[in-house]
1. Can you tell me which of (1) modelled with pLDDT under 90; (2) more than 19 Å from residue 96 (Cα to Cα) is the one residue 12 doesn't meet?
2. Within the set of pairs 6 or more residues apart or between chains, which connect a residue that is within 21 Å of residue 67 (Cβ to Cβ) inside segment 1-29 to a residue that is part of a helix (DSSP H, G or I) and modelled with pLDDT under 90 with Cβ atoms less than 6 Å apart?
3. Of the residues that sit in segment 81-93 and are over 21 Å from the mean Cα position of the chain (by Cα) and either in contact (Cβ under 8 Å) with a residue 40 or more places away in the chain or part of a loop (DSSP other than H, G, I, E, B) (or both), which one is surrounded by the fewest Cβ atoms within 10 Å (Cβ to Cβ)?
4. Just give me the residues in segment 94-111 being farther than 16 Å from residue 49 by Cβ and outside any helix (DSSP H, G or I), in sequence order.
5. What do you reckon, is residue 74 crowded, with 17+ Cβ neighbours inside 10 Å and within 11 Å of residue 107 (Cα to Cα)?
6. If residue 100 satisfies every condition in (1) in contact (Cβ under 8 Å) with a residue 24 or more places away in the chain; (2) surrounded by 10 or more Cβ atoms within 10 Å (Cβ to Cβ) but one, which is the exception?
């Protein structure tokens, strides 16, 4: 084999090793930001709510998002309809981006995108 070909093979194997490590990390801490962004991408709006209201939403049958428990400190993230969130008087809207308001909240209520048609 030529030295150029051997170098290209070594570079290719190194890239494949990095890709395989990245793929394995998706289920661990390295993938938490990917999973959080995915949950936020499915939401139309985000609101900071008190913990007792979040527990009420869960008791009503709304499912907490698992990615919230993977963060440190853990967050309670619940997806609920915009009508249900409107009934929470203390709900404060926050921007839909990975910013300070969203990341410092301990309990978030997300509303799904509502399609018209």
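1. (1)
2. Note: pairs meeting the criteria are 25/31.
3. Looking at residues that are over 21 Å from the mean Cα position of the chain (by Cα) and either in contact (Cβ under 8 Å) with a residue 40 or more places away in the chain or part of a loop (DSSP other than H, G, I, E, B) (or both), I get 89.
4. If the condition is that a residue be farther than 16 Å from residue 49 by Cβ and outside any helix (DSSP H, G or I), then 97, 98, 99 are the ones that fit.
5. Answer is no for this residue.
6. All conditions are met except number (1).
The values are calculated or read from the model by the stated rules, or taken from the named source; none is laboratory data. Here the structure is a predicted model, which is why all the values come from computation and not from measurement. Positions of Cβ are backbone-derived with ideal geometry, glycine not excepted, and every protein chain shown enters the neighbour counts.
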